[in-house]
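Report on the structure given below.
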Amino acid sequence: MMRRSALRTGAALTRFGLGGAQLGNLGRATTDEQASSAVETAWDRGVRLFDTAPHYGLGVSERRLGRLLKEHPRDEFVLSTKAGRALVPQDHAPGQLDDGGFAVPATHRRAWDFSRDGILRSIDASLARLGVDRLDVVYLHDPDDHWEEASTAGVGALVELRDQGIVDAVGVGMNQSALPARFVRETDIDVVMLAGRFTLLEQPALDDLLPAALEHGVGIVNAGVYNSGLLARRRIAEDATYDYLPAPRALVDRANAIAATCEEIGTDLPTAAMQFSLRHPAVVSVVLGCRDGAQVASNLDRLDAEIDPGLWDALVVRGLLPEDVFG
């Protein structure tokens, strides 16, 4: 079995988790066969953490993942989803697709709602789509512009569900580090899903979130470890993206310098990026979206590969990593 790390509530997360965005047809359609192979390959390799969200395909990811996980004992895996982006039914033209980046019919629109009632309704709907009666982790989904409501009513609703045993651990999931650090310091959360802010390319979370997490006993689930594709290949593609937009030249040059150092030490950029993402003591797991079993296997092979520890020192010496990068 894959090594696990326990959150302060007791939920034990495997060091790798399967992200469910692609199961919701992110960017293009994912077949049922691909989705099944992703889940089954992950399971066969010891993965017991599965993450999804209503946002992913307007509920498609939750329904798909729920069906696939029914084949496995509920008490053997950790299931996480998100709340705060409500799905509101809407009229749509025949063939009209979602405008949120997922290849699914535009049957619903997303609406921000971090109120107590909104969070409770969202969780009820997620439980129904997933076909379960409890959730292991629930994150408030991207509450960047909703601090006041999310930090009070939103977190309060999740804590209420945690106290009732419907949810084991509660937290926030965001693409920045400063506001999650404030949630850690000022609210009663257990875990943060951090996307793209502690990677081999850049580490702004070292200045705020990671120290706060260690101080308060909050676990970090690291996501976006390839910076939306910039670190996913041995050499950087000319059309590489960063945060889903064309990558700035300075970041492309930096990524190429890191890639060259990796090759000198005997590894490759994506393998180093994967293993770097787990090296800080605040990080309990890394979650990565995969479309099929081949992608799952490739990423787990990177996680298990042997890397010369001298790589990290070489990157520090060349100014490509800060000296205190691992806390």
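Each value in this text was obtained by applying a stated rule to the coordinates, not by laboratory testing. Keep in mind that what you see is a predicted model, and the values were worked out from it rather than measured. We place every Cβ from the backbone using ideal geometry, glycine too, and count neighbours over all the protein chains shown.
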When every residue in the range 274-327 that is under 17 Å from residue 209 (Cα atoms) and part of a strand (DSSP E or B) is compared, the one nearest to the chain's Cα centre (by Cα) is 286
Matching residues in the range 19-69 (of a type in the set (Val, Ile, Thr), more than 22 Å from residue 109 (Cα to Cα) and within 17 Å of the chain's Cα centre (by Cα)) number 2
Conditions (1) more than 15 Å from the chain's Cα centre (by Cα); (2) touching a residue at least 12 places away in the same chain (Cβ under 8 Å): number failed by residue 148
(2)
Considering only the range 254-264, I want to know if a residue exists there that is of a type in the set (Ser, Thr, Tyr) and under 21 Å from the mean Cα position of the chain (by Cα).
no
Find the residue count for the range 181-208, including only residues that are closer than 22 Å to residue 19 by Cα and not in a loop (DSSP other than H, G, I, E, B).
6
Would you confirm whether any residue within the range 87-108 is surrounded by fewer than 19 Cβ atoms within 10 Å (Cβ to Cβ), under 18 Å from the mean Cα position of the chain (by Cα) and closer than 19 Å to residue 23 by Cα?
yes
Odd one out for residue 110, checked against (1) over 28 Å from residue 188 (Cα atoms); (2) assigned to a strand (DSSP E or B):
(1)
For residues that are part of a loop (DSSP other than H, G, I, E, B), closer than 20 Å to residue 20 by Cα and hydrophobic (A, V, I, L, M, F, W, C), tally how many sit in the range 211-229.
1
